[in-house]
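Okay, so here's the structure we're looking at.
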Amino acid sequence: MTTQDTGSGTGSGTALKRAKAGALEVEHVALELGGRSILKDASFSVAAGEFIGVLGPNGAGKTTLMRAMLGLLPLSKGTIRVNGAAVVRGNPSVGYMPQTRSGLAGRHLRGRDFVAMAADGHRWGLPRASAAARADVDRVLDLVGGRTLATRPLSELSGGERQRLLLAQCLLGDPKLLLLDEPLISLDPRHQTGVVDLVRSVQRELGITVLFSAHELNPLLNSIDRVLYLGNGRAALGTIDEVITKPVLSQLYGSPIDVMRVNGRIFVMAGDVEVDKLDHAHEDGPDGHSHSHDHDHGHDHGHAHHTGTHSHDV
């Protein structure tokens, strides 16, 4: 079995009942990066209004797949359709939050100006920004509860507060699909919960579709409708109970995997080590600290039109 698409999710169910058309269709897609096969023959579909958690080990292709959905990476084979149309670069119906870098913390740019950088493409800096662009910035700041952050510099904001502004950028222009690439990286558990709750609240209010990638399932457990798990060139999409199982994950990892449920949490184990802990260990440099989150990519503003995004994850 190359791909498993096991049906509708559990979650709240309301978004799925509203769904009338596919927001995302992936058919027999293969992806390569640097001569390495990332996905081999992935097929799945996501309904409009679903909240999908995207998981899998480092190198499984979470970032690569999102970049393909944005038209930033050519497919080796197969097709991807977004909201019924072929993938095109700069699709205004798609909002994108790339992997965030800690360099944002050193910027003295005001919160509102940071969000506005992504309004109307790169043209916001012109003196005569349109009233419509200003109104759109106000709208998205209200959506994420960010008005109080608008006058403060990024350097004074917490990681969770900066994520609110990044989410606001993604919502400019009223996209129908949000691709959020590891928005929980480097956040403590309290801020992780806040970000997930905020995304879920906005997603429900707007009725949009969200793909939310993460290293670990537990922060998403009570919010997602279904989970898309990538591994070993394969993709499995279904409810948590359908996908987060020993047989499915063992096939995706290509090695024995155990799934443990303890006090409402789920632990994916490779031997006696949690898989997400194992992934982080592989990222560490000689000093024992991960270097993958510490680079500032100055153009990564979290919007689909910012197509120069780079990432260390695959």
query: Quick one: in the stretch 176-191, which of the residues that are within 19 Å of Pro57 (Cα to Cα) and outside any loop (DSSP other than H, G, I, E, B) is nearest to the chain's Cα centre (by Cα)?
result: Leu180
message: I need every pair where a residue in the stretch 148-159 that is under 15 Å from Met117 (Cα atoms) has its Cβ under 7 Å from the Cβ of a residue that is of a type in the set (Phe, Trp, Tyr), sequence separation at least 6 or different chains.
response: Leu154/Phe114
- prompt: Tally time: how many residues in the stretch 57-100 are among the hydroxyl-bearing types (Ser, Thr, Tyr) and within 12 Å of Val26 (Cα to Cα)?
  reply: 1
statement: The one condition Met66 fails out of (1) within 26 Å of Val196 (Cα to Cα); (2) part of a strand (DSSP E or B); (3) of a type outside the set (D, E, K, R) is (2)
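Tell me the strands (runs of 3 or more DSSP E) entirely within the stretch 195-285 that contain at least 2 residues that are among the β-branched types (Val, Ile, Thr).
Strands (runs of 3 or more DSSP E) meeting the threshold: 209-213, 258-262, 265-270.
Residues are listed down the side, and each one gets a yes or a no for (1) outside any loop (DSSP other than H, G, I, E, B); (2) on the phi > 0 side of the Ramachandran plot; (3) modelled with pLDDT under 95:
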residue: Phe114; (1), (2), (3): yes, no, yes
residue: Gly121; (1), (2), (3): no, yes, yes
residue: Pro127; (1), (2), (3): no, no, yes
residue: Arg134; (1), (2), (3): yes, no, yes
residue: Asp142; (1), (2), (3): yes, no, no
residue: Thr151; (1), (2), (3): no, no, yes
residue: Ser155; (1), (2), (3): yes, no, yes
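For every residue, the table says whether it meets (1) of a type outside the set (D, E, K, R); (2) farther than 21 Å from Leu217 by Cα; (3) over 14 Å from the mean Cα position of the chain (by Cα).
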position	(1), (2), (3)
Gly35	yes, yes, yes
Lys40	no, yes, yes
Ser45	yes, no, yes
Gly49	yes, no, yes
Gly56	yes, no, no
Thr64	yes, no, no
Leu70	yes, yes, no
Pro74	yes, yes, yes
message: Which numbered condition in (1) within 21 Å of Arg67 (Cβ to Cβ); (2) of a type in the set (A, V, I, L, M); (3) modelled with pLDDT of 70 or more is the only one that Val248 fails?
response: (1)
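The values are calculated or read from the model by the stated rules, or taken from the named source; none is laboratory data. Please read these numbers as outputs of a predicted model, since none were measured by experiment. Positions of Cβ are generated from backbone atoms using ideal geometry, with glycine treated the same way; all protein chains shown enter the neighbour counts.
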